[in-house]
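The values are calculated or read from the model by the stated rules, or taken from the named source; none is laboratory data. Keep in mind it's a predicted model, so treat the numbers as computed, not measured. All Cβ positions, even for glycine, are placed from backbone atoms using ideal geometry, and neighbour counts span all protein chains on display.
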Amino acid sequence: MADTPNTPEAGQSAPVANAPAADAPKSRKRAGFPPKRGKKLRNIIKNQAAKVAKEGTVPLRKALATLKSLKRVKFDETIEVHMKLGVDPKQADQAVRGSVGLPHGIGKTVRILVFCQGADIEKAKAAGADFAGGTELIQKIQTENWLDFDVVLAAQGMMGQVSRLGKVLGPRGLMPTPKAGTVVAANGDVGSVVKEFKAGKVEYRADSGGCVHAGVGKMSFEEDKLVDNINAFVEQVRSVKPSGVKGNYILSVVISATMSPGVRITF
């Protein structure tokens, strides 16, 4: 007996060959790859890069004027400093790391977490800390993966317990360390350290390529304030030159904004 072909029942339409599934996405985007830039944006970026390349290395004030002239977005961009150093980060005696208080702050609200005990908790909160406490905050980070803060400070007596958070805070650059000034000494004042970071103290650390980076203000800042902040940051990095460095220490200094190319400056 011949097989009976499958036919749609009454009231049903025949399936269409190679029809896409109803819930199939219209287009697929590769994870980790930005969308293609439009022609207008490509031309803007090309013209900006050409303008910066034509100017070459310029004094700081002229570089700031150039960045302000390149502004093309509505939000208040961050002004950043990038320094290429003649250090070998693989050598322990050539590590460059620390913190510096900027005269005019960074124009950003910083959320500060302080690991401390006893009377220091009230002192930290009175100075402006957003969160302050001991084991309860450590447990919250471990169990809830809570990371709603930008800077972590710790009293020296708490470091034995805080060290358990190394795998969580370390990769994010949040682990307290004496070199960065984020560990308060036993006889130190927790409140004054909190005030320094609230006012605009920034950390820096040479990466694997021997470069340090930091945000030093906002595009809306007055030129004089940006000049003061950038000078303070560069001079601080200059002052911690490792004794093992031979030859030139500061190879280049570049400033940029969030959405602009970098401008090389002279010092």
| Within the range 111-124, is even one residue more than 17 Å from A154 (Cβ to Cβ), surrounded by 15 or more Cβ atoms within 10 Å (Cβ to Cβ) and in contact (Cβ under 8 Å) with a residue 40 or more places away in the chain? | no
| request: Assess whether V184 counts as being surrounded by 16 or more Cβ atoms within 10 Å (Cβ to Cβ), modelled with pLDDT under 95 and touching a Cys at 6+ places or on another chain (Cβ under 9 Å). | output: yes
| task | Name the residue, out of G244, G262, G209, that is more than 30 Å from A126 (Cα to Cα), surrounded by fewer than 19 Cβ atoms within 10 Å (Cβ to Cβ), touching a Pro at 6+ places or on another chain (Cβ under 8 Å) and not hydroxyl-bearing (S, T, Y). | result | G209
| Residues being farther than 13 Å from V96 by Cα and crowded, with 19+ Cβ neighbours inside 10 Å - total across the range 192-206 | 6
| query | Of the residues that sit in the range 82-119 and are part of a helix (DSSP H, G or I) and among the aliphatic types (A, V, I, L, M), which one is nearest to S260 (Cα to Cα)? | reply | A92
| query | Residues in the range 37-81 that are loosely packed, with under 11 Cβ neighbours inside 10 Å, assigned to a helix (DSSP H, G or I) and touching a residue at least 60 places away in the same chain (Cβ under 8 Å): how many? | reply | 0
| field | Residue check for K225: buried (at least 17 other Cβ atoms within 10 Å of the Cβ) and in contact with a His (Cβ under 6 Å, 6 or more places away or on another chain) | value | yes
| task | Starting from residues that are touching a residue at least 40 places away in the same chain (Cβ under 8 Å) and not in a loop (DSSP other than H, G, I, E, B), keep the ones in the range 169-186 and report whichever is nearest to L137 (Cα to Cα). | result | V184
| field | Residue check for F131: of a type in the set (F, W, Y), surrounded by 14 or more Cβ atoms within 10 Å (Cβ to Cβ) and out of contact with any Cys (no Cβ under 7 Å at 6 or more places or on another chain) | value | yes
